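Q: My structure is below; once you've seen it, I'll send some questions.
The values are calculated or read from the model by the stated rules, or taken from the named source; none is laboratory data. It should be emphasised that the depicted structure is a prediction, and the values quoted were computed from it without experimental measurement. Neighbour counts are summed over all protein chains in view; Cβ atoms, including those assigned to glycine, are modelled from backbone coordinates with ideal geometry. What goes into the accessible areas is simple: the full protein's heavy atoms, side chains included, and nothing from ligands, DNA or RNA. Shrake-Rupley method; radii C 1.70, N 1.55, O 1.52, S 1.80 Å.
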Amino acid sequence: MRTTIVDIMEMKRRGEKIAMLTCYDYPTSVWEDEAGVDIVFVGDSVGTNVLGYESEKEVTLDDMIHHLKAVRRGVQQAYLLVDLPYLTYESPEDALRNSRSLISHGADGVKLEGFRPDIVSHLVQDGIQVCAHLGLNPQIHETKGLRAKTARAAERLISESVALQDAGAWLMVYELIPEEVAREATRRLSIPTIGIGAGRHTDGQVLIVSDMLGINDFDLRHVRKYDNFHDRATQAIRRHVAEVRSTEFPAGENVRHLSDEESKAMGNMLSTDKVRNHG
Ligand code: KIV
């Protein structure tokens, strides 16, 4: 049975932690689904992690749809969330048209950045499940780094969170905020909170899959690297290049042969003048 937003809400009520991971392609979506990820998330971080863009702001709706469709093919179980990319929800009308498009391509819900209760309520009135995203908002903020660092900023983030919940948001992502602020916000909201670099007390955690698998070869404080795909893949490819050059690859077990009969027939044919030598 597919995980629904109600299942995710129930997890908060029962005090069960929610596991969310970004996902950009079909094979990873199969791994994540098999591994029991609750929310598979096609983030606009696809831009910098997969497409080689400089910034999330370069990601288009077509990019998101392309990756969403691949991920949809692999996800059987998890709730499938997708980002509305930069400049696709400037007005309620734009937001609705673009969200409907993402939903029609297989998303269960959409995520948007910043304090936009007007957009959230417009989408929710149309039956669209919306995840809000506060703290660091890469589509909005020019500089990276911790947000809500003062009591005043923390108070603002918490009151904006309550307003987004009142507008109908089903889920809240907090990116790069102090643990104390995320804990207080989580305590005050009835909807689940999911943190990335927001400490231990949110209802769930989200990481960029390329960071936690070590596809990216840099380290970030809020990330635990569970593998080192970058090094393992580079080593495997380097070995392959060396074996091609040394003729160790392909070996006997990698090749296919003609049957003895066809091999003999080919020899006979090539020895007659039926086959011209183009050499
Ligand atoms: O696009 C993304 O990967 C995100 C996460 C940081 C939550 O928005």
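Q: Which pairs turn up if I take residues in the stretch 29-42 that are more than 16 Å from the ligand (Cβ to nearest atom) and look for partners that are open to solvent by 50 Å² or more (accessible area, probe 1.4 Å) and outside any helix (DSSP H, G or I) with beta carbon separation below 6 Å, at least 6 apart in sequence or on another chain?
A: What qualifies is 33/76; 33/77.
Q: Tell me whether the stretch 135-144 contains one or more residues that are among the aliphatic types (A, V, I, L, M), farther than 18 Å from residue 95 by Cα, open to solvent by less than 10 Å² (accessible area, probe 1.4 Å) and in contact with a strand residue (DSSP E or B) (Cβ under 7 Å, 6 or more places away or on another chain). Before the answer, list the steps.
A: So the first thing to find is which residues in the stretch 135-144 are among the aliphatic types (A, V, I, L, M), and the list is 136, 140.
Now narrow it down to the ones that are farther than 18 Å from residue 95 by Cα: 136.
Then keep just the ones that are open to solvent by less than 10 Å² (accessible area, probe 1.4 Å); that gives 136.
Next, only the ones that are in contact with a strand residue (DSSP E or B) (Cβ under 7 Å, 6 or more places away or on another chain) stay: 136.
Yes: the stretch 135-144 contains one or more residues that are among the aliphatic types (A, V, I, L, M), farther than 18 Å from residue 95 by Cα, open to solvent by less than 10 Å² (accessible area, probe 1.4 Å) and in contact with a strand residue (DSSP E or B) (Cβ under 7 Å, 6 or more places away or on another chain).
Q: Which residue, of 119, 177, 128, 191, is part of a helix (DSSP H, G or I), more than 16 Å from the chain's Cα centre (by Cα) and not basic (Lys, Arg)?
A: Working: 177 fails: part of a helix (DSSP H, G or I); 128 fails: part of a helix (DSSP H, G or I); 191 fails: part of a helix (DSSP H, G or I).
Answer to the check: 119.
Q: Check 168, 197 and return the single one that is within 14 Å of the ligand (Cβ to nearest atom) and of a type in the set (Gly, Ala, Ser).
A: Numbers: 168 fails: within 14 Å of the ligand (Cβ to nearest atom).
Unique residue meeting the criteria: 197.
Q: I would also like to ask the following. Return yes or no: is residue 243 open to solvent by less than 80 Å² (accessible area, probe 1.4 Å), free of Cβ contacts under 8 Å to residues at least 12 places away in the same chain and over 21 Å from residue 28 (Cα atoms)?
A: On the way: open to solvent by less than 80 Å² (accessible area, probe 1.4 Å): yes; free of Cβ contacts under 8 Å to residues at least 12 places away in the same chain: yes; over 21 Å from residue 28 (Cα atoms): yes.
Considered against the rule, which asks whether it is open to solvent by less than 80 Å² (accessible area, probe 1.4 Å), free of Cβ contacts under 8 Å to residues at least 12 places away in the same chain and over 21 Å from residue 28 (Cα atoms), residue 243 comes out as yes.
Q: Could you grab me the full set of residues in the stretch 1-28 that are within 16 Å of the ligand (Cβ to nearest atom), within 18 Å of residue 111 (Cα to Cα), assigned to a loop (DSSP other than H, G, I, E, B) and open to solvent by 20 Å² or more (accessible area, probe 1.4 Å)?
A: Result: no residue meets the conditions.
Q: Tell me which residues, restricted to the stretch 61-104, are touching a helix residue (DSSP H, G or I) at 6+ places or on another chain (Cβ under 9 Å), farther than 13 Å from residue 47 by Cβ and in a strand (DSSP E or B).
A: Correct list: 79, 80, 82.
Q: Could you check, for the stretch 63-75, whether at least one of its residues is within 15 Å of the ligand (Cβ to nearest atom), of a type in the set (Gly, Ala, Ser) and modelled with pLDDT of 95 or more?
A: no
Q: What tally of residues in the stretch 147-158 results from selecting those that are surrounded by 17 or more Cβ atoms within 10 Å (Cβ to Cβ), in a loop (DSSP other than H, G, I, E, B) and out of contact with any Lys or Arg (no Cβ under 8 Å at 6 or more places or on another chain)? Explain how you work it out, then say what you get.
A: In the first step, residues of the stretch 147-158 are kept if they are surrounded by 17 or more Cβ atoms within 10 Å (Cβ to Cβ); the result is 147-148, 154, 157-158.
Then drop every residue that is not in a loop (DSSP other than H, G, I, E, B), which leaves 147-148.
Checking which are out of contact with any Lys or Arg (no Cβ under 8 Å at 6 or more places or on another chain) leaves us with 147.
So the answer is 1.
Q: Which residues, taken from the stretch 213-224, are open to solvent by less than 70 Å² (accessible area, probe 1.4 Å), closer than 19 Å to residue 175 by Cβ and not hydrophobic (A, V, I, L, M, F, W, C)?
A: Of everything in the stretch 213-224, those that are open to solvent by less than 70 Å² (accessible area, probe 1.4 Å), closer than 19 Å to residue 175 by Cβ and not hydrophobic (A, V, I, L, M, F, W, C) turn out to be 216, 222.
Q: How many residues does the stretch 162-174 contain that are outside any loop (DSSP other than H, G, I, E, B) and surrounded by fewer than 24 Cβ atoms within 10 Å (Cβ to Cβ)? I'd like the intermediate steps shown before the answer.
A: Step one: list which residues in the stretch 162-174 are outside any loop (DSSP other than H, G, I, E, B), which gives 162-166, 171-174.
Subsequent filtering for residues that are surrounded by fewer than 24 Cβ atoms within 10 Å (Cβ to Cβ) retains 162-163, 165-166.
So the answer is 4.
Q: Could you list, in sequence order, all residues of the stretch 37-69 that are open to solvent by less than 20 Å² (accessible area, probe 1.4 Å), in contact with an Asp or Glu (Cβ under 6 Å, 6 or more places away or on another chain) and within 22 Å of residue 214 (Cβ to Cβ)?
A: Correct list: 40, 43, 44, 47.
Q: Ok, one more. Being without any contact (Cβ under 8 Å) to a residue 60 or more places away in the chain, open to solvent by less than 10 Å² (accessible area, probe 1.4 Å) and within 16 Å of the ligand (Cβ to nearest atom) is true for just one of 109, 114. Which residue is that? Walk me through it before giving the result.
A: Values: 109 fails: without any contact (Cβ under 8 Å) to a residue 60 or more places away in the chain.
After applying the criteria, what remains is 114.
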